[in-house]
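The values are calculated or read from the model by the stated rules, or taken from the named source; none is laboratory data. Keep in mind that this is a model prediction, so the values were computed, not measured. So basically every Cβ, Gly included, is an ideal-geometry build from the backbone, and we count neighbours across all protein chains shown. With ligands, DNA and RNA removed, areas are computed over all heavy atoms of the protein, side chains included. Shrake-Rupley method; radii C 1.70, N 1.55, O 1.52, S 1.80 Å.
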Amino acid sequence: MRFTASQSARNDTNTPPRPPGRGNAPTPSARSPLPPSRMWWWFAALVVLNFVLSRWLVPSGETPVAVPYTLFKKEVGANNVAAIYNQGQEISGKFSSPIDYPPPGPKPQPGKSAARQQDSSSTQPQGTIDSTWFDRLAGRSSPPDTPRKVSKFETTLPTFVGPGLERFLIDHGVEISATPISEAGSPFLTLLFGFGPALLIIVFYIWLFRRTAQYGGGMGGALMGIGKSKARRFDEESETKVTFNDVAGIDEAKNELVEIVDFLKAPAKYTRLGGAAPKGVLLVGAPGTGKTLLARAVAGEAAVPFFSMSAAEFVEMIVGVGAARVRDLFKEARASAPAIIFIDELDAIGRARGQIAIGGSSEQEQTLNQILTEMDGFSSREGVIVLAATNQPDVLDKALLRPGRFDRRVIVNLPDKRGRQAILAVHTRTVPLAGDVRPDEIAQSTPGFSGADLKNLVNEAALLAARRGESCVQQKDFSDALEKIVLGPARPILLSEDDRRRIAYHEGGHAILGLVVPGADPVSRVTIVPRGQALGVTYQRPESDRYNYPEAYLRGRIVGMLGGRTAEEIVFGDRTTGAENDIEQATSLARRMVTRWGMSDLGLIQFAPRDNPYLGGSGAYAGAKPFSEQTALAIDTEVARIIDQSHVEATRLLTAHRHALDALAQALLTHESLDEQEVLQVTGLERAAPVNPHARALRARHEAVTPPADATAKRAVS
């Protein structure tokens with residue numbers, strides 16, 4: 001396993017938490033609408049009140065009680081049945097005078113004597129729950145077995161009842177009704193409380209509609225303020241004020257924004273000669289480089305209101321909401337001018353139009369059109385400047401980038417060594433450092449780190465020092481934190497002795513080639529302690545930042561990547577799956593050499609698109625490959641040739657330095673982790689000096705034609 005610091009991809013953002021600032025509050029004379037939580041509490045209270053009043057004021061009617069047919073006939077004979085309604089075998093009606101039902105006294109049970117029934121009715125098992133509470137919850141005033149007054153009843157006619165029942169009912173003054181018997185109540189109260197919840201909901205939404213229309217503005221505000229801008233406002237009275245002193249390591253980008261600050265502070269200085277400030281500034285850079293921090297620093301230096309909003313907050317499911325929010329945002333900014341509008345991740349709504357509309361594409365295009373209109377609609381003399389940040393400038397709409405909208409593009413690059421040291425100084429202001437901490441060495445050990453990565457490094461070192469009980473952060477804490485971030489946390493797994501020996505030779509092969517291959521990055525650390533998903537790691541750290549990679553360096557990289565598999569083949573004579581990551585990285589690098597950089601016999605032809613310089617990632621083909629199958633076969637052949645040549649070179653070098661490989665593997669089995677000096681001491685090797693193969697080829701050609709007269713001339717040619 002081999003890692004190089006310059007290859008590390010970072011996805012953290014260097015965006016500090018935004019301080020709580022004053023919103024664009026309404027004037028004291030205006031009444032602000034109720035918070036949504038309070039409005040819903042009021043609505044719930046009205047519904048409960050409606051339910052309570054309906055229970056008290058509207059007669060709900062008594063539920064008919066099922067009684068035996070014999071009891072029904074008995075009450076008819078006693079002239080206590082006022083009216084009945086019959087449907088099929090079912091009879092329902094009401095008594096003239098309420099009766100007690102069930103009749104008082106114990107209920108007879110078959111198979112039990114009266115004495116035993118009396119005993120069982122007078123006792124209750126201990127621990128049982130009284131059913132009265134459940135009866136109250138169900139709307140009954142007493143348990144089902146307790147006698148209670150009954151006015152309405154229902155019963156079922158037996159099948160053997162004769163035809164004389166009708167005459168029997170008429171003789172005893174029973175009213176036989178053709179319609180169901182119902183209790184009369186107030187129609188007004190029944191209508192009011194029966195439809196009360198629906199009426200309350202209608203009244204509530206009418207009030208809410210008028211309320212939000214008053215404060216939300218237009219149709220978007222009518223829908224509970226959904227069209228209002230969600231931008232967060234920060235101004236000069238915020239608790240935490242960010243200035244250019246809090247931004248380090250990106251001086252070139254900071255200098256580009258000084259003119260913006262100067263214009264907001266003294267616009268007359270530029271407008272007196274007919275000049276105008278740019279309407280928009282686009283910040284482009286990799287994640288974590290400090291684009292948002294730069295925008296806030298501009299607002300802090302200019303001491304003007306700062307409206308911050310993510311582009312994703314404009315887009316909603318409802319078409320037109322994003323455009324309404326754009327209008328509201330620019331309206332607020334104009335009212336607070338001079339002001340700054342900051343839109344983060346602009347590519348979320350600024351993608352090129354004219355593509356197939358899928359999902360929210362229509363809403364995204366309407367939002368983009370509104371932004372274009374607003375940026376054309378306000379004058380640069382209004383003092384409103386739009387800052388936007390993105391890491392995908394290649395996907396933005398052309399109309400968004402033309403002069404008059406986003407006039408300037410500021411590139412925010414990854415910091416160099418000097419910039420990383422300045423960033424460390426900013427992030428360690430509040431961290432107590434020991435005397436042995438060397439910021440310049442930490443900056444040299446972190447090529448490719450962004451501002452967010454360095455902030456995370458300082459935080460990890462501080463947490464590690466606190467965990468160890470130290471009073472200040474030491475250099476070792478920074479080294480261990482860097483090792484944890486780059487190599488991954490240690491993984492305590494139990495390995496067999498055979499696996500440990502194989503891993504030691506695998507990592508030893510990487511380390512030996514890192515020492516003997518000309519121009520290879522120095523080996524900083526070798527370990528066979530499992531970290532992350534790797535069973536062993538060889539960490540090679542570049543001595544300085546690289547911006548251009550010669551072919552010899554890339555081929556040397558591939559040779560070093562294949563060192564682990566080659567060492568296993570030389571020592572053990574077989575292969576394992578441990579070289580999967582090495583083979584993947586080597587193949588990817590060789591393919592880019594052939595398809596993108598013209599470092600093969602195929603010539604200076606690009607066969608693959610360029611990677612996003614701000615996001616990384618592989619250059620995948622968009623659709624069909626832009627070459628024939630014969631060319632694809634030639635590309636595969638060239639990639640295989642580079643890999644085979646590198647494998648042969650790795651085998652030659654490791655065979656020639658077999659004694660150093662054995663010594664390093666034995667030292668790794670004993671100590672598990674070795675740094676650069678320990679590796680050099682164990683192997684007895686010295687780092688190979690960098691060699692320019694182009695200069696060496698020129699020297700060989702020159703010596704073949706006109707050999708130099710002395711050694712001085714030879715050195716001069718080299």
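Restrict the check to region 565-585 and report whether at least one residue is basic (K, R), assigned to a helix (DSSP H, G or I) and surrounded by fewer than 20 Cβ atoms within 10 Å (Cβ to Cβ). Within region 565-585, none of the residues are basic (K, R), assigned to a helix (DSSP H, G or I) and surrounded by fewer than 20 Cβ atoms within 10 Å (Cβ to Cβ).
Only one of these is of a type outside the set (S, T, Y) and either assigned to a helix (DSSP H, G or I) or open to solvent by less than 40 Å² (accessible area, probe 1.4 Å) (or both): A276, A253. Name it. Answer to the selection: A253.
Conditions (1) open to solvent by less than 30 Å² (accessible area, probe 1.4 Å); (2) modelled with pLDDT of 75 or more, marked per residue:
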| position | (1), (2) |
| --- | --- |
| T212 | yes, no |
| K228 | no, no |
| A286 | yes, yes |
| R296 | yes, yes |
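Only residues that are of a type in the set (F, W, Y) and either open to solvent by less than 20 Å² (accessible area, probe 1.4 Å) or assigned to a helix (DSSP H, G or I) (or both) were counted in region 72-100, giving 2. Just one residue in the set Q355, Q421, Q364 is open to solvent by 40 Å² or more (accessible area, probe 1.4 Å) and at pLDDT below 85; that residue is Q355. Out of the residues in region 306-338 that are in a loop (DSSP other than H, G, I, E, B) and open to solvent by 40 Å² or more (accessible area, probe 1.4 Å), state the one that is modelled with the highest pLDDT. Selected residue: P338.
On the given criteria, is D262 modelled with pLDDT of 75 or more and either over 27 Å from P415 (Cβ atoms) or in contact with a Gly (Cβ under 9 Å, 6 or more places away or on another chain) (or both)? So D262 does not fit the description; no. Listed by first and then second residue, the pairs with beta-carbon distance under 9 Å, at least 6 apart or on different chains, first residue in region 160-171 and farther than 15 Å from G88 by Cα and among the aromatic types (F, W, Y), second part of a helix (DSSP H, G or I) and open to solvent by less than 50 Å² (accessible area, probe 1.4 Å), are F168/V76; F168/G77. Within region 265-314, restricting attention to residues that are basic (K, R) and free of Cβ contacts under 8 Å to residues at least 40 places away in the same chain, the residue that is nearest to V410 (Cα to Cα) is K265. Taking every residue in region 627-656 that is free of Cβ contacts under 8 Å to residues at least 60 places away in the same chain and part of a helix (DSSP H, G or I) and pairing it with any residue that is β-branched (V, I, T) and surrounded by fewer than 17 Cβ atoms within 10 Å (Cβ to Cβ), at least 6 positions away or on another chain, the pairs with Cβ-Cβ distances below 8 Å are V639/T587. Only one of the listed residues (P518, P550) is modelled with pLDDT under 90 and open to solvent by 10 Å² or more (accessible area, probe 1.4 Å). That residue is P518. Does region 684-693 contain any residue that is out of contact with any strand residue (DSSP E or B) (no Cβ under 9 Å at 6 or more places or on another chain), modelled with pLDDT under 90 and open to solvent by less than 40 Å² (accessible area, probe 1.4 Å)? Checking region 684-693: at least one residue is out of contact with any strand residue (DSSP E or B) (no Cβ under 9 Å at 6 or more places or on another chain), modelled with pLDDT under 90 and open to solvent by less than 40 Å² (accessible area, probe 1.4 Å).
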